[in-house]
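Single-structure report; data block below.
What follows draws every value from the coordinates through simple rules; no lab data is involved. It should be emphasised that the depicted structure is a prediction, and the values quoted were computed from it without experimental measurement. Positions of Cβ are backbone-derived with ideal geometry, glycine not excepted, and every protein chain shown enters the neighbour counts.
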Amino acid sequence: MTEEKGAKGKLTREDLDIIKEALLEAAKEDMFQQLIQAKVSEAVAEAMAGKEEEMRELREELDDTKTRLNELEQYSRRLCLNVSGVPEAPGEDTNQIVTDLAKMAGVNVAPRDLDVSHRVGASREGKARAIIVRFTHYTARQAVYDARRELRKPRPFRGSVVTAETAHGVFVSDSLTRDNQQLLYRARQLKREQKIFAAWSDVGKLKLTADPCYWLGELHARYSERPAPVALSVRVH
């Protein structure tokens, strides 16, 4: 019966055993093993290449989402300012503090110009928390921000809840997101290293003054190869 099936072109069990033994012997050869390893490596590389491209696209989407969320949060703060350096007192009226500071800087701010104000952050003994104030319109906000340096020479008046000495040490700044605060901090580090002349923010936009040679070199590479968390404006001279 076995010979009859073999005559008809079908493999017998004996034929299969011979082929199996031949394959096992071939598998022991270095060339065969190298061929198998090459094919496996090629398949793995193709699979990894697809995954790496997928991961790259996901990282780009995540970075873009983070940037957009940061921009939206910063835009929501466009009417806000931070006021630091004012000692805390029980029962204080932060709106009154802000209006008095504005008046001492030469800006008249009415109660209707303020939406809300309060201290921010956890209370710590011996350290006054900053005040965040939200104005009802941009004109009042910007008037106070533009006059912030006038507090170096405050104009005291009777009935103010803030003393001239306190006003002299007050710092008024943009209300920035966490990412934008970190970016401005790094820029100010460059200023301390005397690599740029100045760094500040204005309505959430980072501004620098830098030497043109430095801007065209290290600084440009640092801030231009990837989207910055905030819009970047550079003046060179």
**OP:** Take the alpha-carbon positions of region 78-174, form their convex hull, and give its projected area averaged over all directions (one quarter of the hull surface) in nm².
**Re:** 5.8 nm²
Original post:
Cα centroids of region 119-140 and region 52-90: how far apart, whole angstrom?
Top reply: 18 Å
Original post:
So how do Asp100, Asp63, Asp179 line up by other beta-carbon neighbours within 10 Å, fewest first?
Top reply: Asp63, Asp179, Asp100
**OP:** For Leu114, enumerate residues with amide H under 5 Å from its amide H, sequence gap 5+ or separate chain, H modeled in the peptide plane.
**Re:** Thr136
Original post:
In whole Hz, what ³J(HN,Hα) sequence does region 38-43 give by Karplus (6.51, -1.76, 1.60; θ = phi - 60°), x for Gly and Pro?
Top reply: 5, 5, 5, 4, 5, 5
